[in-house]
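Below is one structure, written out as structure tokens; comments come after it.
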Amino acid sequence: MPVPKRKVSKSRRDKRSANKGIREDKTTVAHCTNCEKPLLPHQACRECGYYKGAKVLKTKDERGEKRVEQRKKSKKTIEAESPQEQSE
């Protein structure tokens, strides 16, 4: 069985793994087919919510519009109920 002839110093040992963390930045950037914004491959677009030509996500603007509509609806129901209660 082979045995090391001499002790390997800490610096010599650490030199072997010195370059393991170094990698080239090979981040691939794709573009949305709907709005042409840059995005990571195989990810739905955050801007428009499309993936491979199909709408899969609700965007932040769409959610905001829906909230506004719901608030208007709830205010109308509250206003409609309150005059009836005051007349009694």
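The values are calculated or read from the model by the stated rules, or taken from the named source; none is laboratory data. Just so it is clear, the structure is predicted and the values come from calculations on it, not from any experiment. A quick note on method: Cβ atoms are made from the backbone with ideal geometry, for glycine too, and the neighbour counts reach across all protein chains shown. Each accessible area value is taken on the protein alone, full model and side chains, heavy atoms only, with ligands, DNA and RNA left out. Shrake-Rupley method; radii C 1.70, N 1.55, O 1.52, S 1.80 Å.
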So if I check each of VAL3, VAL56, which one is over 18 Å from the mean Cα position of the chain (by Cα) and of a type in the set (A, V, I, L, M, F, W, C)? VAL3
ARG13 vs. criteria outside any loop (DSSP other than H, G, I, E, B) and more than 36 Å from the chain's Cα centre (by Cα): yes
Checking LYS26 against (1) among the basic types (Lys, Arg); (2) at pLDDT 90 or above; (3) in a loop (DSSP other than H, G, I, E, B): exactly one of these is not met. Which one? (2)
Residue list for segment 32-57, restricted to those being exposed (fewer than 12 other Cβ atoms within 10 Å of the Cβ) and outside any loop (DSSP other than H, G, I, E, B): PRO38, ALA54
Mind listing whichever residues of segment 15-31 are out of contact with any Pro (no Cβ under 9 Å at 6 or more places or on another chain) and surrounded by 10 or more Cβ atoms within 10 Å (Cβ to Cβ)? LYS15
Taking interchain pairs and intrachain pairs at least six residues apart, which have beta carbon atoms under 8 angstrom, with the first residue in segment 38-66 and more than 22 Å from THR28 (Cα to Cα) and the second of a type in the set (Asp, Glu) and open to solvent by 100 Å² or more (accessible area, probe 1.4 Å)? THR59/GLU47
Scanning segment 67-81 residue by residue, the ones that are under 27 Å from ARG46 (Cα atoms) and open to solvent by less than 100 Å² (accessible area, probe 1.4 Å) total 1
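Could you please let me know if GLN86 is in a helix (DSSP H, G or I), modelled with pLDDT of 90 or more and open to solvent by 100 Å² or more (accessible area, probe 1.4 Å)?
Against the criterion (in a helix (DSSP H, G or I), modelled with pLDDT of 90 or more and open to solvent by 100 Å² or more (accessible area, probe 1.4 Å)), GLN86 does not qualify.
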